[in-house]
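Peer 1: Got a structure for you, written out below as structure tokens; questions coming shortly.
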Amino acid sequence: MEKFENLGITTIVTGDKLKLEISISGLVCGFNGSPNNDVMRVKRGKRKEFARWVAQKIIDPSDPETGESPAMDMFEKVFADIFEGNDIEDEIFEETEEY
């Protein structure tokens, strides 16, 4: 198992899974303290409900243009870096015959 941590987010690679973890208190602090947020706060006693709502929104196909979920958008941004040749490790990737 390998763990990577930054800004209160932990990613864990196990034998057959990639897991993303964030504490509910970290999620709430991130929302309440977001530079894009100057109008809302999570109500006291509603942290678990907020986390449940965010968990569902992360995987909902909500982008009207692409039909992608925020999670898929996140992965596509990482994949785009690879496709553009940024920050790649040669021992992991090989070009397909199409190139």
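Peer 1: Across the chain, how many lysine pairs, 8 or more apart or on two chains, come within less than 30 Å at their alpha-carbon atoms?
Peer 2: For the chain, qualifying lysine pairs total 20.
Peer 1: How large is the dipole of the chain about the Cα centre if only Lys and Arg carry +1 and Asp and Glu carry -1, each at its Cβ, rounded to the nearest 20 debye?
Peer 2: Values: 12 positive and 22 negative charges, 353 e Å.
Charge dipole, the chain, about its Cα centre: 1700 debye, nearest 20.
Peer 1: For Cys29 and Thr96, calculate 0.36 nm times their separation in residues minus their Cα-Cα distance, and state this gained length in nm to one decimal.
Peer 2: This chain segment gains 19.8 nm when fully extended.
Peer 1: Among 15-22, 45-52, how do they line up from the highest to the lowest mean number of other beta-carbon atoms within 10 Å?
Peer 2: 45-52, 15-22
Peer 1: Further question: Write down the Kirkwood hydrodynamic radius of the chain, to one decimal in angstroms, obtained as one divided by the mean of 1/r over all alpha carbon pairs.
Peer 2: 16.4 Å
Peer 1: Determine, from the Cβ-Cβ distance of Lys77 and Arg44 and an R0 of 41 Å, the FRET efficiency 1/(1 + (r/R0)^6), rounded to the nearest 0.05.
Peer 2: 0.75
Quick note: the coordinates plus some simple rules give every number you see, no bench work behind them. For clarity, every value in this text was computed on a predicted model and none was experimentally measured. With ideal geometry, Cβ positions are generated from the backbone for all residues, glycine too; neighbour counts draw on all protein chains shown.
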